[in-house]
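Here is the structure we will look at, set down as structure tokens.
The values are calculated or read from the model by the stated rules, or taken from the named source; none is laboratory data. Please read these numbers as outputs of a predicted model, since none were measured by experiment. Here the Cβ positions follow ideal geometry from the backbone for every residue, glycine too, while neighbour counts run over all protein chains shown. Remember, those area values only see protein heavy atoms, side chains included, never the ligands or the DNA or RNA. Shrake-Rupley method; radii C 1.70, N 1.55, O 1.52, S 1.80 Å.
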Amino acid sequence: VIKDIKKDDPHYYYMFKCLALLYEYNGDYINSLLLYIKLNNDRAFDLIGRYNLFHELKGDDKVYRLLQKNETKAIELFVHNTDKIPVSLVVEELKKRPKPPDEPPEPPRVTERKRRYLYRYLDELFLSDPDAGDDYHGDLVALYAEYDVTPDKTKLMRFLRESTKYPIDRAYEICEARRLYEAQVYLLTKMGQSVKALSLLIDKLGDITAAIEFCKEEDDKELWDNLLRKATESRKPSYITGLLQNIGTHINPKDLIAWIPEGHRIEGLRDSLVKILHDYKLQVNLNEGYKRVFVNDTVALGKSMRAQARRGTRIDEGSTCQLCTNPLIQDHEAFLSDVTVFFC
């Protein structure tokens, strides 16, 4: 009788809830679960955990229905039970799949909602266990690029740095298509294309400070030359001022000054030059100090080694020469006790 009730009947929900309860009281937990899921009832979560019904979640959009009912609780259930609810099951249930010709296509809003659920699920799964869903890290790059709303794409950048399972070429293509320049810089550096990464920092981001820090980390003369060339060709006073104030002792100040075009007006040039020359002089003084310490340590260690070599060494009748391996004591009867030798 209950199954014949139409969905638009005002008693539909309550009658089917009663049926689900009857199934549960009768020990038919599977049919009870299916009805609770169909009714979007929270009781479904309790039945799954209590009676180990994880295997019943495959097909009929059950994963999607649970997420619709309570996204937080459903994701927690899926993430903490990957041994019972395989990652592949959840991902395939939420991915867009072609419909049979006789079925209507999935509404775009449903497809979009499923994609957001997939992002939330894979994100939480990565935070819980970075290796659990590594087969889908390539998909996760695209999802982070699309849905990560944190400042400067913090989640995406953390994922790119911590995971090693995503295809780097595909990740770069995704970030390039969405003009995510910071992510592109990181990926280019990882691919060994530091010059291109530096160009993005200067040409697209316009961040001379980040470009300087990048060159400091890479510590490559070619990169420094590229940075100096781009900064001076741009003819932006702020770029040259930034170089003068932050370049420190990583390159010779004369090389930097030589790159500045004649007649180019630079705000705060005097103070910047004083700072860079002071920093360079400080570095020279430090290097001289290191050299003195090194020389003193070398002399002290040399003296200690020489003293060790000069001291006497006690030998017995079984000792041999370290060079020729012949016995040191040739006539056994000539010596009644051990012998001490020097410079041997």
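Go through (1) closer than 28 Å to R115 by Cβ; (2) open to solvent by 10 Å² or more (accessible area, probe 1.4 Å); (3) out of contact with any Phe, Trp or Tyr (no Cβ under 7 Å at 6 or more places or on another chain); (4) at pLDDT below 95 and name the single condition S163 misses.
With (1) closer than 28 Å to R115 by Cβ; (2) open to solvent by 10 Å² or more (accessible area, probe 1.4 Å); (3) out of contact with any Phe, Trp or Tyr (no Cβ under 7 Å at 6 or more places or on another chain); (4) at pLDDT below 95 applied to S163, the lone miss is (2).
Can you tell me which residue in segment 308-336 is nearest to the chain's Cα centre (by Cα), limited to those that are modelled with pLDDT under 70 and not in a loop (DSSP other than H, G, I, E, B)?
H332
Output the residues belonging to segment 46-61 that are within 22 Å of E124 (Cα to Cα) and open to solvent by less than 20 Å² (accessible area, probe 1.4 Å).
I48, F54, L57
Assess whether T154 counts as being surrounded by fewer than 17 Cβ atoms within 10 Å (Cβ to Cβ) and at pLDDT below 90.
Against the criterion (surrounded by fewer than 17 Cβ atoms within 10 Å (Cβ to Cβ) and at pLDDT below 90), T154 does not qualify.
Do you know which residues across segment 178-211 are assigned to a helix (DSSP H, G or I), of a type in the set (A, V, I, L, M, F, W, C) and over 17 Å from V141 (Cα atoms)?
Selection gives V195, A197, L198, L200, L201, I202, I208, A210, A211.
Can you give me the number of residues within segment 17-35 that are over 19 Å from Y64 (Cβ atoms), aliphatic (A, V, I, L, M) and crowded, with 19+ Cβ neighbours inside 10 Å?
Residues in segment 17-35 being over 19 Å from Y64 (Cβ atoms), aliphatic (A, V, I, L, M) and crowded, with 19+ Cβ neighbours inside 10 Å: 1 in total.
Of the numbered conditions (1) open to solvent by 70 Å² or more (accessible area, probe 1.4 Å); (2) at pLDDT 80 or above, Y14 satisfies every one except a single condition; which is it?
Single failed check for Y14: (2).
Suppose we filter segment 210-256 for residues that are under 23 Å from L282 (Cβ atoms), more than 32 Å from the chain's Cα centre (by Cα) and of a type outside the set (A, V, I, L, M, F, W, C); how many remain?
Of the residues in segment 210-256, 5 are under 23 Å from L282 (Cβ atoms), more than 32 Å from the chain's Cα centre (by Cα) and of a type outside the set (A, V, I, L, M, F, W, C).
Of the residues K73, K38, which single one is among the charged types (D, E, K, R) and open to solvent by 90 Å² or more (accessible area, probe 1.4 Å)?
Residue meeting the stated conditions: K38.
Condition (residue is modelled with pLDDT under 80, within 18 Å of T209 (Cβ to Cβ), among the polar types (S, T, N, Q) and crowded, with 17+ Cβ neighbours inside 10 Å) applied to segment 261-284: is it met by at least one residue?
Yes.
Just name the residue that is most open to solvent (accessible area, probe 1.4 Å) out of those in segment 83-126 that are in contact (Cβ under 8 Å) with a residue 12 or more places away in the chain and not in a helix (DSSP H, G or I).
The selected residue is K96.
With the condition kept exactly as written, say whether any residue in segment 127-143 is surrounded by 22 or more Cβ atoms within 10 Å (Cβ to Cβ) and touching a residue at least 40 places away in the same chain (Cβ under 8 Å).
Applying the first criterion (surrounded by 22 or more Cβ atoms within 10 Å (Cβ to Cβ)) to segment 127-143 yields 133, 136, 140-141, 143.
If we keep only those that are touching a residue at least 40 places away in the same chain (Cβ under 8 Å) too, we end up with 133, 136.
There is at least one residue in segment 127-143 that is surrounded by 22 or more Cβ atoms within 10 Å (Cβ to Cβ) and touching a residue at least 40 places away in the same chain (Cβ under 8 Å).
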